[in-house]
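The next block holds one structure in the form of structure tokens; read it before the comments.
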Amino acid sequence: MSFKRNILDLRKRKKEAQQGGGEKAIEKQVAMGKKTARERIKAILDENSFHEYDLFVEHTGRDFDMEKKVLHGDGVIIGTGTMYNQPVAIYAQDFTVAGGSLGLMHARKITKIMDHALKMRVPLIGINDSGGARIQEGVNSLAGYGEIFYRNTIASGVIPQISVILGPCAGGAVYSPALTDFVFVVENISKMFITGPSVIKSVLGEEISMEELGGAMVHSEITGNAHFFAKSEDECFAQIKKLITFIPWNNAQKALKFPIQQPLIKKNIEEIVPVDPHNPYDIRDIIKAVTDGSDFFEIMEYFAKNIVIGFGRIQGNTIGFVANQPMYLAGVLDCDSSDKAARFIRYCNAFNIPIVTLEDMPGYLPGVDQEHAGVIRHGAKLLYAYSEATVPKVTVIIRKAYGGGYIAMNSRHLGADFVFAWPTAEIAVMGPEGAANIVFKKEIDEAENPAEMRKQKIQEYKDKFANPFVAASKGYIDEVIEPSETRARLIHSLEVSGSKVDQRPAKKHGIPPF
Amino acid sequence: MEDNSSNYQVFVVNNAKYLTLTTTKYDRRKKYQPSDPKEVCSIIPGSVIDIYVTPGQQMKAGEVLLTLDAMKMYTKIEMPFDGVIKSIEIQKGDRIPKNTVMITLE
């Protein structure tokens, strides 16, 4: 009899707390084209799998009349559930409750679910939609941020951490996503910046909109802070659900194996690539020609387009692809592309995902801006990441492999397990045009017709070095293969690398050129 | 993949010419301009608190030209070498962005 009363009381309390900021605030959220925090969690997780914790947590603000305010759940929802029947931990900031602002108890709820995710070795998904620090709580809210950043760092490389930006994420708040593995943004909804437009206007007098300063496309294309861009929340959730199929649940596991499929690309693979190394093509067509079902899930599609990274499967196993993109900036390496690829290589290495590198690049991007932007230290990240990686590493050289770029793109010298080259591969210190000018400078300068002589010498150099056979004669590449054999070679080389062990000296950690 | 071939540009790396597309960020890069030692520029955005010199004034290296309030800090801008003030391009109270020419010297 008394039980019933208690249960009804519990139900009433739950119902009230689950309203978040109440009807009006929810209406406002919907009017902005946004889903509520609870709807977002439901959209990501398996149906009816979500279990919430800390629903009755209350804030601890005692100043500025905060003690009179009730903030349901203190503006954040935490819990566990499943994706594809596998456990995950999740939190979602609730913008309808005090603008999702972060106070001490709000942060405590987030760190509680983070601690759980790390202990249970399951992925953590964080949905960010918050006006920032709850200023009324003073240093307590800063403490909260710091405790989140610390846990992001400790969990890094142990469990997958996914950040979904579905609203504002400003000031200190941006650093939690920045410390996680993958950041998802949605057009017109996501806004990320350290100092917002109003501060910039008051200090500098510069006017800029939120979208132009830190909107979804800015972070996808210009800053490289975001990994996945979507036009709607639903598209974003579909991307998350796809990503999660490619990655293992923690760093002690391998990604789930899928049924083997043949590539769907019917075209002969060599028809994709122009024989003239000066002409472009889309490297993603080559990736799709070798992956199961021609499926390639690209990461950072809009940032540093001159290198392509992403996941595909070969014989049902997840593979990380790193490939120069001749379609953009001739596929050169530069600060941004080195940065983009290096971080991805470290991700793959941390989570036991073999790496396949497709190489076709003319060298590093020349220019004062690149040199002054630190292309030396950014470029070094790529060397570091490949050398450090102990997962199976296979390289296919398609056309150009010149100079420092040849070394950087997972060459034998950095520890590649297998290096294959198409007969169109050119492995040399630089392209024939540049090399001839140096090697045959005297002959060209002294010739009666320098232009003619130059042409002749370029051809001479081409005949001698613009092929894979010099490198093959030294064992730097293992085999020159026909393009149509590429998938078969990748399958075999990855199969025989399945139990790879590559021991490194014990150390706390290396010192990569961050 | 849409056909972008009409947008291909010629891109030169080590004397070789490649056909390719460019990126927004690449197109927006600024051309390098060597800095002129005779221009005293702001290296941080801020507000001009006070100016202590006038055109024609003879100055020694290290003497203070003006005070800039930037990031809640009063920064004193000093004369880089012995010389004469040629012109003053700012006024007391101005809010200036980074890389603004404040004073020219001769």
Cβ under 12 Å from residue A:173's Cβ, residue A:173 left aside: what net charge do those residues give with Lys, Arg +1 and Asp, Glu -1? +1
Just from the alpha-carbon atoms, what are the Rg and Dmax of the stretch A:164-282 in angstroms? 19.8, 59
Which order do A:378, A:413 fall in if you start with the one that has the fewest other Cβ atoms within 10 Å? A:413, A:378
Quick check: the distance between the Cα centres of the stretch A:254-292 and the stretch A:84-107, to the nearest angstrom? 40 Å
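Which percentage, to the nearest 5, of the DSSP beta bridges contained in the protein assembly as shown is antiparallel?
The antiparallel proportion sits near 55 percent.
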Once the stretch A:90-231 is represented by equal point scatterers at the alpha-carbon sites, with solvent omitted, what log10 I(q)/I(0) does the Debye formula produce at q = 0.14, 0.20 Å⁻¹? -0.63, -1.22
Could you please rank A:8, A:124, placing first whichever residue has the fewest other Cβ atoms within 10 Å of its Cβ? A:8, A:124
Per principal axis, descending, Cα span of the protein assembly as shown in whole Å: 104, 82, 51
Neighbour-count ranking for A:57, A:394 (other C-beta within 10 angstrom, fewest to most) reads A:57, A:394
In terms of modelled amide H atoms, which long-range or inter-chain residues lie less than 5 Å from the amide H of residue A:308? A:323, A:324, A:325
What is the log10 of I(q)/I(0) for the stretch B:39-105, computed with the Debye formula using one identical point scatterer on each Cα and no solvent, at q = 0.20, 0.29 Å⁻¹? -0.71, -1.42
With the convex hull built on the alpha-carbon atoms of the stretch A:34-115, volume per residue in Å³ sits at 80 Å³
In whole Å, what are the extents of the stretch A:2-246 along the principal axes defined by its C-alpha atoms, from largest to smallest? 64, 47, 35
Using a Förster distance of 56 angstrom, determine the FRET efficiency expected from the C-beta separation of residue A:251 and residue B:32, and round it to 0.05. 0.80
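Readers should treat all values here as calculations from the given coordinates under stated rules, not as data from a laboratory. Just so we're clear, the structure is a prediction, and the values are computed from it rather than from any experiment. All Cβ positions, even for glycine, are placed from backbone atoms using ideal geometry, and neighbour counts span all protein chains on display.
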